[in-house]
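Beneath this line is the structure, given in structure tokens, with notes to follow.
The values are calculated or read from the model by the stated rules, or taken from the named source; none is laboratory data. As the structure is a computational prediction, the values presented were derived from the model and not from experiment. Positions of Cβ are backbone-derived with ideal geometry, glycine not excepted, and every protein chain shown enters the neighbour counts.
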Amino acid sequence: MQAMRLLEKGWSQSQVARKLGVHRQSVSRWAKQLAESGRAGLKKAGRAGRKPRLGPEDLRRIERGLKRGPEALGYATSLWTTVRVQELIEQECGVSFHPSHVWRILQRLGWSCQRPASRAIERNEETIQYWKKVRWPELKKTPPEKVAPLSSSTKAV
């Protein structure tokens, strides 16, 4: 519709394409539709590409499954991977996707890539704080005191 308004103002197809960041051939097709059918012809244009295989309810089911965690699917860890999410989608919706497309679905749902902080089970916070505040400063080398600068860089010390 933006293209239509610009074309009606007298912009060239190339100018409209640059302004909207689309291919000039698309603008040419829209201009032809506008000339043949008017505004109504442009409004009839359907969606481009295939219809999505997942509907809004499917996305809600996937979101609920993600919130339950991978342990609910029988995994030992709480880390979601695209392969695990792929299996969740197949189980919940009966649709199979490539892992790279699963990542796009996760982004559309607002999920981001995060890695859990790996910490040893035996971690002792008190010992770590002692090391950082007491022991490390004792062991750390300190730079020697500065000597007065020489008047010439060629003189031996």
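Within the range 39-51, the presence of at least one residue that is among the aliphatic types (A, V, I, L, M) and part of a helix (DSSP H, G or I) is confirmed.
Could you say which residue among Ser78, Ser100 is assigned by TED's automatic domain parsing to the domain that holds Gly65, more than 18 Å from the chain's Cα centre (by Cα) and either part of a helix (DSSP H, G or I) or modelled with pLDDT under 90 (or both)?
Values: Ser100 fails: more than 18 Å from the chain's Cα centre (by Cα).
Result of the check over Ser78, Ser100: Ser78.
Scanning the range 95-121 for residues that are of a type in the set (Lys, Arg) and more than 21 Å from Arg61 (Cβ to Cβ) yields Arg115, Arg119.
Applying a threshold of 9 Å to beta carbon distances and a minimum spacing of six or more residues, or different chains, the list of pairs starting in the range 121-148 at a residue that is modelled with pLDDT under 90 and ending at one that is among the hydrophobic types (A, V, I, L, M, F, W, C) reads Val147/Val157.
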